[in-house]
Amino acid sequence: MKRRRCAARRCPPKSCERCWPIAHDYGVSYQTVAQIKARRLYAHVSFAGDIPRGTRSGDAGKVAEIYLSPGSSRAIAAHHGVSEHTVRRIKQGLAYTHVTRDLTPPLSARETVRAELRALKARYDDERAALLAKLEGA
């Protein structure tokens, strides 16, 4: 019998030996075991065991620094030793929201340029008004 890829999609086709013995012992298909391991079936049932999952190595300070860092995702990821995907998820508020919830979101590059242009326009308007006042007074 040909073994197919695990339904949890965590292991390559030939390494589903973890699912097969459990399935055999309990008289269910290996797909059922893989789906239970992936928490697609029986997710409402609490368990005492440990299911291997991705680890979060970021502490709150590092996450806050990533969230507030200006620059490209690639540069920030290289500086902090995380993936670009992680940086994007943190900046979009999709990951580590418990850390970034109370932080003021940083200005984007476009918003920074707009703020600088507004400041220059205000300065220009002030200088123009001063020159016109001089001309009218002279």
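Here are the numbers:
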| quantity | calculated |
| --- | --- |
| Amide H contacts of residue 41 (H built 1.01 Å from N, under 5 Å, at least 5 apart or other chain) | 36 |
| Cα→Cβ-extended label distance, 7 Å offset, between residue 130 and residue 72, nm | 4.1 nm |
| Shape of the range 60-100, Cα gyration tensor, a/c cut at 1.5 | prolate |
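Where a number appears in this text, it was derived from the coordinates with a stated rule and is not lab data. Small disclaimer: the values here were computed from a predicted structure and weren't measured. Ideal geometry is used to build each Cβ from the backbone, glycine not excepted, and the neighbour counts take in all protein chains shown.
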